[in-house]
Amino acid sequence: MTDLRYISLGAGVQSSVLLLLGERGNFGPIDGAIFADTQDEPPWVYEQLDWLERQVRIPIIRATAGRLSDEVIRSIKETPSAFVPIPTYVTGEDGRERQGRRQCTRSHKSEVVAREIRKRLPKDGTAELLLGISTD
């Protein structure tokens with residue numbers, strides 16, 4: 001048995017449904033839902049979060065690693081050849097579009113969620129994280 005159970009909340013369809021099902025008790029007790037805020041999400045994401053907060057009693061924790069766009073600008077200025085921290089698309093020499101290398105999911109999403117769980121976890125405790133991700 002785990003000490004804590006959280007939902008990683010992105011405010012898209014999958015994680016929103018996961019939260020609503022969690023509110024109904026489908027997964028046992030849920031201690032909270034963690035939204036890793038890049039502070040650059042489209043307006044509909046914040047509207048969805050506000051709506052979800054009105055629908056559930058599960059606490060929604062809004063956590064951030066800072067504004068992602070500030071990180072992009074800093075990264076480009078300081079190290080132009082480094083990873084771009086956001087998804088970018090480039091056209092290769094063969095004319096095909098490819099996604100460039102990025103790290104924002106780890107630095108501005110996964111690590112933020114993990115940090116918030118660690119802050120709440122008892123010493124030597126365990127946590128379970130529920131993720132709603134589609135394969136499409």
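The values are calculated or read from the model by the stated rules, or taken from the named source; none is laboratory data. Note that this is a predicted model, so its numbers are computed, not measured. Because the Cβ atoms are built from the backbone with ideal geometry, glycine has one as well, and the counts that use them run over all protein chains shown. Just the protein is used for accessible areas: all its heavy atoms, side chains included, with ligands, DNA and RNA removed. Shrake-Rupley method; radii C 1.70, N 1.55, O 1.52, S 1.80 Å.
Brief remarks on what is shown
- Selection of the stretch 47-61 for residues being in contact (Cβ under 8 Å) with a residue 12 or more places away in the chain and either open to solvent by 50 Å² or more (accessible area, probe 1.4 Å) or over 20 Å from ARG118 (Cβ atoms) (or both) yields GLN48, LEU49, LEU52, GLN55, VAL56, ARG57, PRO59.
- Tally, over the stretch 20-36, of residues that are charged (D, E, K, R), without any contact (Cβ under 8 Å) to a residue 40 or more places away in the chain and either closer than 17 Å to ARG120 by Cβ or open to solvent by less than 60 Å² (accessible area, probe 1.4 Å) (or both): 1
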